[in-house]
Amino acid sequence: MKVLVTGGAGFIGSRVVRTLLAQSHTVVNVDKLTYAADLSSLEDVAGHAAYRFERVDICNAEALAEVFAQYTPDAVIHLAAESHVDRSIDGPAAFVQTNLVGTYTLLQAARTHWTSLPSNQRDLFRFVNVSTDEVFGSLPPDGWFTPQSAYDPNSPYSATKAGADHLVRAWHATFNLPTLTTNCSNNFGPFQFPEKLIPVVILNALEGNPLPVYGAGENIRDWLYVDDHAEALLATLKRGVPGETYLVGARNPRRNIDVVRALCAIVDELAPSQAIGKRETLIHFVSDRPGHDFRYAIDATATEKALGWRPKHPFEVALRATVAWYLENQSWCKRIAGRSGRERMGLGAPRS
């Protein structure tokens, strides 16, 4: 297939691009290259004969139309999004623009392209919308998200992703565009921009800086290694049924404080420092995020049965591999260090 990937220079997107190319697909990477995108994450495939990059904002209808006309893709995997909850609290406008207006603009471009295809190609075309479990809001101390879970978003980020999901479903129901939606749990792995919990803790621990933990660290997130997520998205593309929703997770709910302590232990082992000492002593609790969801956990049973996909990477093994990657790729970390990311956000102070 020839697959148009939006946000392909981002953390998850770059892994999806490499996975598609490894499985002999052609990839058109469409990315605006905002602060969290980085083409160096694709240096190993930049010269691949089946790879093309177009710097395009998904809110730009004219530019998108040109991309669809030039490349005539067989499928779209839509990952482009503003994704950091703390940033959405301080500056929600960018989230409304990219996640809602951008998704609408992309759907319209895809619909125009799809209707122009010959009937045999039109039957095979797919639009995969990549979303988050955060659209379902917060779980009580027990229970799991399922495809039947009601939407109940609590942050500007999750609200705009929920809105995007509804747009995608509406374009299927109203216009028959063959869309599919996935909702995943928290991703981690190589090339993740250091504004999210795991890379922030790793890099701060290496440098001997404080390790901020929101509230009492009791909030629970469900963790998914990015390689497993990429494989799930390809399984959705190939075997998913248009109009359906697939929840993607690896059954790894963990308290934030437990993840931070595990990271400290791994960094101590792989990069011991007498000057810094035990990294766990760097942990300090900070004021909680406004509207902080207590618990996420995904039941992926239905997805596993429908798509024949299962996560392959145990959490502890993948966490250790992630720490090792950041240790081995300090040049990448230093190159992006000047970008905004590790400072505290999300306290509700308006940002320009």
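The values are calculated or read from the model by the stated rules, or taken from the named source; none is laboratory data. The shown structure was predicted, so the numbers you read here are calculated from the model rather than taken from an experiment. All Cβ positions, glycine included, derive from the backbone under ideal geometry; neighbour counts span all protein chains shown.
Would you check if there is a residue in the range 223-240 being of a type in the set (S, T, Y), farther than 29 Å from P178 by Cβ and touching a residue at least 24 places away in the same chain (Cβ under 8 Å)? Within the range 223-240, none of the residues are of a type in the set (S, T, Y), farther than 29 Å from P178 by Cβ and touching a residue at least 24 places away in the same chain (Cβ under 8 Å). For the residues A275, A265, the requirement of being among the aliphatic types (A, V, I, L, M) and not in a helix (DSSP H, G or I) singles out A275. Screening the range 9-36 for residues that are of a type in the set (A, V, I, L, M, F, W, C) and in a loop (DSSP other than H, G, I, E, B) and picking the one that is surrounded by the fewest Cβ atoms within 10 Å (Cβ to Cβ) gives L33.
Does the range 332-345 include one or more residues that are modelled with pLDDT of 95 or more and of a type in the set (S, T, Y)? For the range 332-345, residues modelled with pLDDT of 95 or more and of a type in the set (S, T, Y): absent. Of the residues examined, D288 is one that is of a type in the set (D, E) and in contact with a Phe, Trp or Tyr (Cβ under 6 Å, 6 or more places away or on another chain).
Listed by first and then second residue, the pairs linking a residue in the range 183-195 that is of a type in the set (D, E) to a residue that is surrounded by 22 or more Cβ atoms within 10 Å (Cβ to Cβ), with Cβ atoms under 9 Å apart and 6 or more places separating them unless they lie on different chains, are E195/A36; E195/R87.
Restricting the range 56-98 to residues that are out of contact with any helix residue (DSSP H, G or I) (no Cβ under 8 Å at 6 or more places or on another chain) and charged (D, E, K, R) leaves a set whose member that is nearest to A235 (Cα to Cα) is E66. Looking across the range 121-143, the residues that are buried (at least 19 other Cβ atoms within 10 Å of the Cβ) and either without any contact (Cβ under 8 Å) to a residue 40 or more places away in the chain or closer than 20 Å to R221 by Cβ (or both) come down to V130, S131, T132, D133, E134, V135, F136, G137, L139. Restricting D57, D90 to those that are in contact with a Lys or Arg (Cβ under 7 Å, 6 or more places away or on another chain) and either modelled with pLDDT of 95 or more or among the hydroxyl-bearing types (S, T, Y) (or both) reduces the list to D57.
For the range 166-182, enumerate the residues that are free of Cβ contacts under 8 Å to residues at least 40 places away in the same chain and either crowded, with 21+ Cβ neighbours inside 10 Å or of a type outside the set (A, V, I, L, M) (or both). Correct list: H166, T174, N176.
Listed here are the residues, each with its yes/no results for (1) of a type outside the set (A, V, I, L, M, F, W, C); (2) at pLDDT below 95; (3) over 27 Å from T301 (Cβ atoms).
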residue: S116; (1), (2), (3): yes, no, yes
residue: R122; (1), (2), (3): yes, no, yes
residue: N129; (1), (2), (3): yes, no, no
residue: L139; (1), (2), (3): no, no, no
residue: N154; (1), (2), (3): yes, no, no
residue: T160; (1), (2), (3): yes, no, yes
residue: W171; (1), (2), (3): no, no, yes
residue: F175; (1), (2), (3): no, no, yes
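Pairing each residue of the range 307-322 that is part of a helix (DSSP H, G or I) with any residue that is among the β-branched types (V, I, T), provided the two are 6+ apart or on different chains, yields C-beta distances under 6 Å for R320/I266.
Given the criteria more than 25 Å from G102 (Cβ to Cβ), at pLDDT 95 or above and not in a loop (DSSP other than H, G, I, E, B), does L234 qualify? It is false that L234 is more than 25 Å from G102 (Cβ to Cβ), at pLDDT 95 or above and not in a loop (DSSP other than H, G, I, E, B). Entry remark, the range 40-65: residues being in contact with a Phe, Trp or Tyr (Cβ under 9 Å, 6 or more places away or on another chain), touching a residue at least 24 places away in the same chain (Cβ under 8 Å) and more than 22 Å from L106 (Cα to Cα) number 4 in total.
For the structure I just gave you, tell me whether P194 is surrounded by 22 or more Cβ atoms within 10 Å (Cβ to Cβ) and out of contact with any strand residue (DSSP E or B) (no Cβ under 7 Å at 6 or more places or on another chain). It is false that P194 is surrounded by 22 or more Cβ atoms within 10 Å (Cβ to Cβ) and out of contact with any strand residue (DSSP E or B) (no Cβ under 7 Å at 6 or more places or on another chain).
For the criterion of being surrounded by fewer than 16 Cβ atoms within 10 Å (Cβ to Cβ), at positive phi and hydrophobic (A, V, I, L, M, F, W, C), L39 fails.
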